[in-house]
Each structure stands twice: as structure tokens, then as C-alpha cells.
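I have placed the structure first, in the form of C-alpha cells, so that the comments after it can refer back to it.
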Amino acid sequence: MLRLLLAFALVAAALPAQRATTRRGPPTPATKAPAPDRWPLAAVHISGNKVFPTDAIVRATGLQLGAAVNKGDFQRALERLTATGAFETASFHYDPEGEKLAVTFEVQEVVDLYPVGFERLDVPDAELMKVLGERVPLFGPQAPATGVMVKRIIDTLEAYLAAKNQKTEIVGRVLAAPGSGGKLQMTFRPMEPPPVVTFVKFEGSTLLRAEDLQKAFFQTAVGVPYTEARLNELLENNIRLLFEEKGRLQVHFGPLRAEPSQEATGVVVTVPVRDGDEFHFGRVGIAGNAYVSPKELVRLAKLNEGELANFALVHKASADIERRCQREGYMHAKVTVERKLDEKAKTVDLVFRVGEGDRYTLRRLTIKGLDLIGEDAVRKRWAIKPGQPFDGAYPETFLQRIEEEGMFDQLGKTVPHVQVDEEKKAVDVELEFKAAAPAEKRRRRRPEQS
């Protein structure tokens, strides 16, 4: 009987004040049933989270299983979750579970979350990540762009650096992550802008002259705000290929040295270079293609086993394979190259991995601006028929040939209009022929009537 009365008291105490949110105050119970003030906590449940781990959110509430709790404790836990800055909204409800209480927090996470990175803080990234994980509630691999969490991260970083005698004002900005191909990250860096690169010196290469490397890199690097990550990215994108054209696939840059410039405001950066060994082509393979035969694509690549591994030729081969697939209607075909180095034999095996994507066909060709004879002549010369694979480059090539051959008198610049139906993978092409302005008029022959 006592157990039955206790359960009834729990229900009576919990139900009148079952929900609370950050947007409005809890409802006031109309009546109060006689019941104990607190009950043991049986469970903490989290609903709605996708990025932040459930166990981390539970820890952020500050609640302990088995502790005596009531609605006020849940409200304070909700306030702690809201104060993390990780959620757009948060609410809770609680229910009896036997002779205890179970609470569920329903959360909606901040929409714009970014990976966290650091720049120019002179402390290893792993060390900073560890500190933030210990001191900032719900800090993880991702953070919002603004708000409470960002301020906590900045305050924590500034305090940690100050303890290392580095007084630095820090800001957080959403920037492209180095070497990510444009992917954004939440970057924490000093408020003071970085020095600019005034000159770059190369040393150590026996393959390419330092003067030639400096000349090749001058326009790219000089005047750029200096960070080690940024300059390394520029070296990889602009200088590495100069070595890979000569088969040096393991060229290494760095560690970089930056010193104040004596002639201008900024830094002079010295780039040590290790050329690495010379490599030659090994086996060449094709993967991922379904329409064009692998043998044809290998022949198209024109990379022969035993030849110097010139990666300028590899990049050209990738473009040629993409173009071949696009001619078959795979308008968005992309090729990536996988390389496998044999350190002992000094060879590199290549796999051209083809991502064909969807196949598109021509649905309709419309011709405007010509009389019936001219339109008929153009249609006869147009090679792609409705229902056939559509080559995205063909309309431009077709009109260029029409112009070069002087097919029409007084023809102005004609540009194709291409409309793509992504749902049906169908393409409509409109060719609108316009007369040339007086200054543009040139004598062209008129097509003969067939």
C-alpha cells in the first residue's frame, strides 16, 4: 500500500509541471498534492541531437543519477545547456519511473556548425584541442560561428596563452581551411593581422635553380598574409608540379623559416627543398567507368610503363578521359588519380578512377533567326539527334565551325542557350542566330539549297 501511495504521489507531483522551455516560464500548478520535495533521479534522456554526443550533453546538464532532484533542478540543468551556446532551443519534461524520476531534454542544435582550427597561436593544435575539451562545455570537433560557445573558446584560449606568458587577443572567423579545397572551418587566431610575405627564398634543390623557383613563385606568394599553413598550401598547388614533371614525386618543402624583412614591412620566408628520388611509370589502370572501355581509356592516357613519371602528362590524361566520357553524355564526369609508389623499384602505379555520374540526352533543338532554308541547313549539319547522348561542349564547337566556314552572310556572334532538366536528365538547346552590327559585317556564303 505504501508503494502504491508513493507512486500516486509521484504522478501527482510531476504531471502539473511537466514541461519547461527556454522561451517561456513553467506553468504554475493549480493545486499541489502532498508529496516529498525530491525524488531519486533514475535517468537522463536526450532527444533531437545530431552532432553533439548524448553523453556529453548529459554531463553538461550537471545532473547525477541517484541524486535527489525536483523540477527546480531540471530547470537549472536546462539553463546550463542553454548557456553552452550549442542549441537554438531546449526544453524538458519529466515522468515517474518506479519510485524515481526520469527527465528528457529535447534540444535543437545550432544549424551552422564548423570544424575548429587554429592559426598563429604558437601552440600545437592537439594541445589546444585538449584544453578546450576540458574547459568548454560541449566543445567538440565542431562549433557555431557566433554566440556563447565562441566567446567561451576565445576566453579559454586567451587565459591558457596568458599562463604561458603569451598575451594575445583572439578572434574567431569562418575561413577556408588550408589544404581543404575551400571547405570552411571556424578559425581562432590573433586579432593582430599576420605579416605579409615580402620575399621567398628556396634552398637545397639540386634539380631546379633557386632563381627559377623564386621567379615561378613570386606572383603567387609575395604580398600574401603569412601563415605557415597558407604558404605550404601555395607551395603544394604551385611548385610541387614543377618537380613532379621531372618524376620527383616525393619532393618535400620545409620546415619554413620566416624572418622580419630588412627592406620592407613583412617577412622573408626561406623554403628548404628536398628533391627526392626520380620515379617512372608502372602499371596504369582504369576503374569506375561503365560505358567507355578501359582499354580505350588506357590508350587515351598515353602513359607508357617505364617512362619518366611526368605528372603534367597525368593531369592531361585525366582531362582527356573526362572529355571522352562527356562526349557520351556524362556531362559531369570527373576523374581522380590514385598513385601507389614502389620505393624499391622507384615506380608509380596509377589508377584513373572515373566518376561518370548521370547520363544526359538531347531532348530538343530549337533554331531561331534563320529562314527555312538556313534552318534546314543547320539541322542537317547538327550531329546529335533527340534521344542521343548529349555532349556539353558540342554546341560551342558547332557554332564555331559555322562561323569559321562562313556559312552565312553578315552573321553576328551567336551563343547557344542550354537548359538542363536535372530530374529527367534531358537537355534543350537553342541556337539563336543574329545579324552582325554594321561594323562587324563580313561577306559569307549562303548555304546551297539541297
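Mind listing which GluC sites (Glu not before Pro) in the stretch 372-423 are in a DSSP loop and have 16 or fewer other Cβ atoms within 10 Å?
Filter output for the stretch 372-423: GLU405, GLU422, GLU423.
Got a number for carbon plus sulfur as a percent of the chain's accessible area, 1.4 Å probe?
51 percent
Ranked by the mean number of other Cβ atoms within 10 Å of their residues, highest first, the peptides 158-166, 101-109 fall in the order 101-109, 158-166. Measuring from centroid to centroid over Cα atoms, what is the spacing of the stretch 271-326 and the stretch 95-126 in Å? About 46 Å separates the Cα centre of the stretch 271-326 from the one of the stretch 95-126. With R₀ fixed at 25 Å, the C-beta to C-beta distance from ALA287 to GLU343 puts the FRET efficiency at about 0.60.
Treating the angle as unsigned and between 0 and 90°, give the value, to the nearest 10°, between the Cα long axis of helix 125-135 and the longest Cα principal axis of the chain. In the chain, helix 125-135 runs at an angle near 30 degrees to the longest axis.
Can you list residues whose amide H is under 5 Å from PHE390's amide H, if they're 5+ apart or on another chain and H is modeled 1.01 Å from N? So PHE390 has HN proximity to GLY329, TYR360, THR361, LEU362. Rounded to the nearest whole Hz, the Karplus-based 3J(HN,Hα) values (6.51 cos²θ - 1.76 cosθ + 1.60, θ = phi - 60°) of the stretch 148-153 follow the sequence 4, 4, 4, 4, 5, 4, with x at glycine and proline. Computed over the chain, the per-residue total of -39500 (n - 2.57) for DSSP H runs of n ≥ 4 gives a 222 nm mean residue ellipticity of -9000 deg cm²/dmol, rounded to 500.
In order along the stretch 360-376, the Karplus-derived 3J(HN,Hα) couplings, from 6.51 cos²θ - 1.76 cosθ + 1.60 at θ = phi - 60°, round to 10, 10, 6, 9, 8, 10, 10, 10, 10, x, 10, 6, 4, 5, x, 4, 4 Hz, and Gly and Pro are given as x.
One decimal place: the segment VAL351-GLU97 gains 85.5 nm when fully extended, by the rule 0.36 nm per residue minus the C-alpha distance. Across the chain the C-alpha pair distances fall into 20 Å bins from zero in the proportions 17, 29, 33, 18, 4, 0 percent.
Beta bridges per DSSP, both residues in the stretch 78-217: antiparallel share near 85 percent.
The C-alpha atoms of the chain define a longest principal axis, and helix 311-327 lies at about 90 degrees to it. In this structure, the amide hydrogen of PHE87, modeled 1.01 Å from its nitrogen in the peptide plane, lies closer than 5 angstrom to those of VAL110, counting only residues at least 5 positions away or on a different chain. Solvent-accessible surface of the chain, taken per residue with a 1.4 Å probe and all protein chains present: 57 Å².
Averaging the sequence gap over all C-alpha pairs within less than 8 Å and six or more residues apart, then dividing by the number of residues, gives the chain a relative contact order of 8 percent. Counting only alpha carbon atoms, the long axis of helix 210-221 and the longest principal axis of the chain meet at about 60°. The alpha carbon gyration tensor of the stretch 116-202 gives principal lengths a ≥ b ≥ c with a/c of 1.5 or higher and a/b no greater than b/c, which makes the shape oblate. For q values of 0.10, 0.12 Å⁻¹, compute log₁₀ I(q)/I(0) with the Debye formula on a Cα-only model of the stretch 176-305, without solvent. So the normalised log intensities work out to -0.47, -0.62.
The values are calculated or read from the model by the stated rules, or taken from the named source; none is laboratory data. Keep in mind that this is a model prediction, so the values were computed, not measured. Here Cβ is always computed from backbone atoms with ideal geometry, including for glycine, and neighbour counts include all displayed protein chains. Heavy atoms of the whole protein, side chains included, go into the accessibility calculation; ligands, DNA and RNA do not. Shrake-Rupley method; radii C 1.70, N 1.55, O 1.52, S 1.80 Å.
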